[in-house]
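Have a look at the structure below, then the notes.
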Amino acid sequence: METGVADFHVIEPKVKPDGGHSYIDVSRIPLYDEADRVVGLLVTYEDVTEKVLGKQEKAELEAQLRKAEKMEAIGTLAGGVAHDLNNILSGVVSYPQMLLLDLSEEDPFYKPLQNIRKSGERAAAVVHDLLSLARRAVENMESVDSLSTTHSGYEEIPPGDYAVIDVADSGTGINATDLGRIFEPFYTKKKMGRSGTGLGLAVVWGIVKDHRGFIDIRTQKNHGTTFSLYFPKSLV
Ligand SMILES: Nc1ncnc2c1ncn2[C@@H]1O[C@H](COP(=O)(O)OP(=O)(O)O)[C@@H](O)[C@H]1O
Ligand SMILES: [Mg+2]
């Protein structure tokens, strides 16, 4: 009697009584007689739960890392652009300002110049946010006494001592799709450049990360959102 190669090989997820998953690697190996007829089947079961879960964990960590790198890259790019724009915009604001001083409000150029100045100021506000994103200066950090807590949610928060700042509202909540992107620079559901720049939370993210911190979000549709900012008590 000979054994052939496994012709059937599958990893079957099984739900355990506690609700968790275990994974069984099932192989079916045919057994042949001298005339090459299949006379039996050797079935092996291997519990590969730890292998599978380890892979999933690694994939999740890699995805998290990629996201952090992407944020970092966008931040650097934005900072470079913002620096140049800042200089350019000072002209767009100051020249109309100067001309307006010599014009009466009835002058046909008064309104248009005022609009140019206002637009310049709005652009400067965006650039200001961009610069705080890019600056990411880590100065004057101090350790503080705090509550000891562990919590996981939006990101994995390692156990440790944190000072936690909660910011809560009773608004519309944030849906799952948006939740994955709200910290990206320029991601906004508001009117870009009018009511929102999409930079607010990117700045928050930058500040928290500069302090080696973490963010937890709890949100419920039409009930509100709580952002919890975790700042490690110790700086090492
Ligand atoms: N507390 C909140 N409740 C509901 N949605 C929020 C909240 N904070 C942020 N968001 C969503 O995340 C997006 C990005 O936020 P943000 O970076 O501050 O930019 P902006 O407020 O300029 O749009 C918002 O447009 C909004 O859709
Ligand atoms: Mg905002």
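Projecting the Cα positions of L41, A124, G54 onto the charge dipole of the chain (unit charges on Cβ atoms of Lys, Arg, Asp and Glu, taken about the Cα centre) puts A124 furthest along the positive direction. Pick from R117, R37, R212: which residue has the top mean-square fluctuation in a GNM of the chain where Cα pairs under 10 Å get a spring? Looking only at R117, R37, R212, the biggest GNM fluctuation is shown by R37. Given the rule -39500 (n - 2.57) for each run of at least 4 DSSP H residues, summed and divided by the residues of the chain, what is its mean residue ellipticity at 222 nm, to the nearest 500 deg cm²/dmol? Mean residue ellipticity, 222 nm, calculated: -14000 deg cm²/dmol. List the GluC sites (Glu not before Pro) in region 29-66 that DSSP assigns to loop (not H, G, I, E or B) and whose Cβ has at most 11 other Cβ atoms within 10 Å. Which are they? Answer in residue order: E34. Accessible surface area normalised per residue over the chain is 68 Å², counting heavy atoms of protein chains with a 1.4 Å rolling probe. Judged by the gyration tensor of its Cα atoms, with axes a ≥ b ≥ c, region 162-232 is oblate; a/c meets the 1.5 cut and b/c is at least as large as a/b.
Using the Cβ-Cβ distance between S234 and Q114 with R0 = 45 Å, the FRET efficiency computed as 1/(1 + (r/R0)^6) comes to roughly 0.30. All distinct Cα pairs of region 55-135 go into the 1/r average, and the inverse of that average, the Kirkwood radius, is 15.2 Å.
Note on the chain: with a GNM built from Cα contacts shorter than 10 Å, the maximum mean-square fluctuation among G19, G160, G171 falls on G19. A dipole drawn for the chain from +1 and -1 charges on Cβ atoms has a positive end, and of S228, T197, P17 the residue lying farthest that way is T197. Model label sites at A73 and D47, defined 7 Å from Cα along the beta-carbon direction, differ in position by 4.2 nm. Could you tell me whether region 182-221 comes out rounded, prolate or oblate from its Cα gyration tensor? Rule is a ≥ b ≥ c as square roots of the eigenvalues, rounded for a/c under 1.5, then prolate if a/b exceeds b/c, otherwise oblate. In terms of gyration-tensor shape, oblate. Dipole magnitude for region 162-232: about 280 debye, using +1 per Lys or Arg Cβ and -1 per Asp or Glu Cβ, origin at the Cα centre. Each residue was assigned an accessible area with a 1.4 Å probe, and for M98 the value is about 110 Å². If you run the Gaussian network model on the chain, springs between alpha carbon atoms under 10 Å, then out of S90, S119, S22 the most flexible one is S22.
For the chain, the fraction of 1.4 Å probe accessible surface lying on carbon and sulfur atoms is 56 percent.
Pairs over the 25 Å Cα-Cα cut-off, from the set K16/K67; K16/K221; K16/K51; K118/K190; K118/K189: K16/K67; K16/K221. Its residues counted as N, the chain yields a C-alpha radius of gyration over 2.2 N^0.38 Å of 1.65.
The values are calculated or read from the model by the stated rules, or taken from the named source; none is laboratory data. Only a predicted model underlies this, so the values are computations on that prediction, with no experimental measurement involved. Cβ coordinates were reconstructed from backbone atoms using ideal geometry, including for glycine residues, and neighbour counts include every protein chain displayed. In case anyone asks, the SASA skips ligands and DNA or RNA and just uses the protein heavy atoms, side chains included. Shrake-Rupley method; radii C 1.70, N 1.55, O 1.52, S 1.80 Å.
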